[in-house]
Amino acid sequence: MIEVQEPRSCSSGKTLNNAQEAVLATLPPMANLIVDRAIENMTRKLVAGYRNKRNAKPNAKQTDVGAEAKEALKAASAQSAMDVANRGQAWKEMIQKSFTHGISSLKTMKFDGEFRIEGGKRPDDFKQKMPNLPGVYVVYDRNNEPVYVGDSGNMQARWNAGHFNSYKQGQKEGTAPYKLADVMKEGCTVKFIVTESTETAAAIEAHLIRENSGTLINARQELATEQGTRSNQEAKKMKDSSGTTVKLVSGAAGEAFKNVGYDIFEQLTTTAIKAIKDELVDVLGGGSAKIRVRIDRMLTKILAVLRNVVENPLRLLRGIVEFIVNALSKTIGQIYNLARNIFDLANNSWQLYKGAQTMSREELVRKISETVIISGSLVVWDSLDLIVEKWLTAQTGGALAPFAPYISAAVTAVGFGISTHALQGFVTRIIDAVIAFKLGFVDALQAERAACEQLIVLAENELAMIGDLGEYVGSERKIMIQMQAYTRTLSAHEPIQPIDPATLLIARP
């Protein structure tokens, strides 16, 4: 079923002459909510896919649009959106390591542990000393000079399958010796620091090699040009900002501001797609508006997004808040888009608080209900999006992997729409009851305050009367004293004769 909206004005502020052109057919509210949410989910994943794509042709002289689009579509997923949001964690770790481990130079670097190699043999306590975690390791020769810097997502496995195995293979007759054979045979010390991510490890390794290329066996500079994998692309950004903590902070700030730009781009893209959807629904519903009118309506919606950004500067902070919050809290970073949803809830609550005094009761109930229901549903369904996507891929053995992002976007959109519709039934009544109780409480409080103010006025009047009475008593007392003085004066000269009451009577005719 398609509904029809009332005629409305175009962006120029003038109502269209032909009312039929301004009529816009739309989907029913619940269906429209579900479709809009699906559009938002997929746009977020596509934008994240573009930001998280693999570089198909690094260092190419010309950009291959087809390859770029293919890689972006391949990377479009809820996981990519979470990875993009959580990039602040790697920058945070780099900044922390610059303070705690002095990663700017091998001369100042502090390590988390070390182990000793004698005669090229793996030490007995190797598994206890070398963790199976991401990190950077430095090999020092018998003179305690650094000769090799490496990194790995699993340092223990790297040494087992890489260095120790390569040394053993190089000892066979007719085989070229391993590059670290002499160092390992003569005896060396391997020192390492543990990192939380492979990006951090790769960035630190590349920085150390660049700073000590003249003394290392592996002197070839790492991450020097454009990178293919996303992990190395992010590592290169951090490596290029390494050297001082100030440069790292500046690099992190640049990434945070980049989030702002992509956030606005995502909003504009989503709005444009929704506008096209509205016009297509209108066409299917029999709408006969001219192309000029349709373009005008779409531009009006897009310009409204830009105007909202200008009029509400706090919206610009969402990308920064998302970057910083995910950087500071690894727990929050594990939940898909929670930082963004928390910011939206806080921002909406602030706008609601500012306008609450000027809203009617009905409008206040509606605004609070929207804030509570939509924000709560978004937190739940955005988190389930990643779970549904991974479940679809796992249950089908990877057969649905290319379609999982689209299916999960639709499933979570339907869930969001149904839950939002269901919650509106009773949450709105609860909020209305709370507001009614609050308003009744406020009215009662105001009545009590008015009564108290009246009692205060009466008490003030009584105090004034008591003051006046005191003055009257004082004046009467003065008169009595004066009368007593006059009486004593008269008594001293002539006795006072008593007055006969009969003489005061006047005979009546």
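The values are calculated or read from the model by the stated rules, or taken from the named source; none is laboratory data. Please read all numbers here as calculations on a predicted model, not as lab measurements. Every residue, glycine among them, receives a Cβ derived from its backbone with ideal geometry; neighbour counts consider all protein chains shown.
For Lys127, indicate whether it is within 19 Å of Ala219 (Cα to Cα) and surrounded by fewer than 17 Cβ atoms within 10 Å (Cβ to Cβ). No; evaluated as a whole, the condition is false for this residue. Residues of the stretch 94-112 that are in contact with a helix residue (DSSP H, G or I) (Cβ under 8 Å, 6 or more places away or on another chain) and either among the β-branched types (Val, Ile, Thr) or surrounded by fewer than 16 Cβ atoms within 10 Å (Cβ to Cβ) (or both): Ile95, Phe99, Ile103, Ser105, Lys110.
Within the stretch 79-97, residues that are farther than 18 Å from Ala206 by Cβ have Cβ atoms under 7 Å from residues that are among the β-branched types (Val, Ile, Thr) and assigned to a helix (DSSP H, G or I) in these pairs: Gly88/Ile324, counting only partners at least 6 apart in sequence or on another chain. The residues in the stretch 302-328 that are crowded, with 16+ Cβ neighbours inside 10 Å and under 21 Å from Ala90 (Cβ atoms) can be counted, and the count is 10.
Listed by first and then second residue, the pairs with beta-carbon distance under 6 Å, at least 6 apart or on different chains, first residue in the stretch 98-109 and modelled with pLDDT of 90 or more, second among the charged types (D, E, K, R) and surrounded by 12 or more Cβ atoms within 10 Å (Cβ to Cβ), are Ile103/Lys97. For Val372, the conditions (1) within 23 Å of the chain's Cα centre (by Cα); (2) of a type outside the set (Lys, Arg); (3) at pLDDT below 75 are fulfilled apart from (3). Of the residues making up the stretch 31-73, those that are loosely packed, with under 14 Cβ neighbours inside 10 Å and not small (Gly, Ala, Ser) are Pro58, Asn59, Lys61, Gln62, Thr63, Asp64, Val65.
Looking across Glu118, Glu145, one residue alone is in the same structural domain as Asn218 (by TED's automatic domain parsing), in contact with a Gly (Cβ under 6 Å, 6 or more places away or on another chain) and among the acidic types (Asp, Glu). It is Glu118.
The listed residues are Ala202, Ala253, Ala224, and the only one of them that is in contact with a strand residue (DSSP E or B) (Cβ under 8 Å, 6 or more places away or on another chain) and within 30 Å of Glu71 (Cβ to Cβ) turns out to be Ala202. Only one of the numbered conditions (1) farther than 25 Å from Asp240 by Cβ; (2) of a type in the set (A, V, I, L, M, F, W, C); (3) free of Cβ contacts under 8 Å to residues at least 24 places away in the same chain is violated by Phe115, and that is (3). In the stretch 152-183, what residues are among the aromatic types (Phe, Trp, Tyr), closer than 25 Å to Met94 by Cβ and in contact (Cβ under 8 Å) with a residue 40 or more places away in the chain? Within the stretch 152-183, no residue meets the criteria.
Would you confirm whether or not the stretch 236-244 contains a residue that is in a helix (DSSP H, G or I), closer than 30 Å to Lys97 by Cβ and of a type outside the set (Lys, Arg)? Looking for residues that are in a helix (DSSP H, G or I), closer than 30 Å to Lys97 by Cβ and of a type outside the set (Lys, Arg), one finds at least one in the stretch 236-244, hence yes. Of all residues in the stretch 140-151, one or more are in contact with a Cys (Cβ under 6 Å, 6 or more places away or on another chain), touching a residue at least 40 places away in the same chain (Cβ under 8 Å), surrounded by 13 or more Cβ atoms within 10 Å (Cβ to Cβ) and charged (D, E, K, R).
Restricting to the stretch 32-68, give me the number of residues that are in a helix (DSSP H, G or I), over 16 Å from Ile273 (Cβ atoms) and small (Gly, Ala, Ser). Total meeting the criteria: 2.
Summed over the stretch 206-225, the residues that are without any contact (Cβ under 8 Å) to a residue 40 or more places away in the chain and more than 37 Å from the chain's Cα centre (by Cα) give a count of 4.
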